[in-house]
Amino acid sequence: MKIVGLAFILALAAQPLAAQHGGHHSHGAAEAASPYAGQQSREIKALSDQELKDLLAGAGMGMARAAELNRYPGPMHALELADRLALTPEQRERLAALMQRHKAEARKLGESVVSLERELDALFARGKPTPGEVERLTVAIGEAQGRLRADHLETHLETTAMLTPEQVDRYVKARGY
């Protein structure tokens, strides 16, 4: 009985260690597939097909969540809720213009992120990337992503400035926040 108890305790103690590695570099009869399996055939390895599509389309991708969930509406959803918010014709026109400007800028910034990710992917695909090249590209990608996110967040600021406090309240309620 003591041996069974000791084996049980040892098995429990080993679980956190196995969990820390998340299946990486595990050795044994039943090798677990990598979470990256199948992604090696992507056009740009670091971007899923959906991420690539969203970046090029200027989609939000959750980048303005900090604004959205803190009572700073976005123009797209404000326009979708125009009747419930009782938007005036002028507000609808201004929000539509803002949305058009924002989408054009987000697409341009998204293309920049995609281009830099493509360059980083090609650097590794060619073999022997240097630390300096990796740093240059990853910093550039980070900056491009930051500019894109800032544009999304700033658009929420502009939208909120176009709405009354009552319209913001209706927006928050309609969105379930």
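Since every read-out is calculated from the coordinates, none of them should be taken as a lab result. Fair warning: this is a prediction, and the values are worked out from it, not measured in the lab. Here the Cβ positions follow ideal geometry from the backbone for every residue, glycine too, while neighbour counts run over all protein chains shown.
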**Q.** Separation in nanometres of the label points that stand 7 Å from Cα toward Cβ, at LYS45 and LYS108
**A.** 3.2 nm
Q | In nm, spacing of pseudo-spin labels at VAL172 and LEU157 (7 Å Cα→C-beta vector) | A | 2.0 nm
Q | Rough spin-label spacing in nm, given labels placed 7 Å along Cα→Cβ, for GLU143 and LEU69 | A | 3.0 nm
Q.
Let me check against my output: what whole-number percent is the relative contact order of segment 43-174, with C-alpha pairs under 8 Å and at least 6 apart?
A. 44 percent
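How much net charge surrounds LEU79 when only other residues with a Cβ under 15 Å from its Cβ are counted (Lys, Arg +1; Asp, Glu -1)?
So the environment of LEU79 carries a net charge of +1.
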Q) Local charge sum around ALA46 (other residues, Cβ-Cβ under 13 Å, Lys/Arg +1, Asp/Glu -1)? A) -3
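What's the FRET efficiency of ALA125 with ALA37 using the Cβ-Cβ distance as r and R₀ = 22 Å, to the nearest 0.05?
On the way: r = 18 Å, r/R0 = 0.83.
The computed FRET efficiency comes out at 0.75.
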Q.
Assuming a strict under-28 Å limit between Cα atoms, what lysine pair count do you get for segment 43-174 once near-sequence pairs (fewer than 8 apart, same chain) are dropped?
A. 7
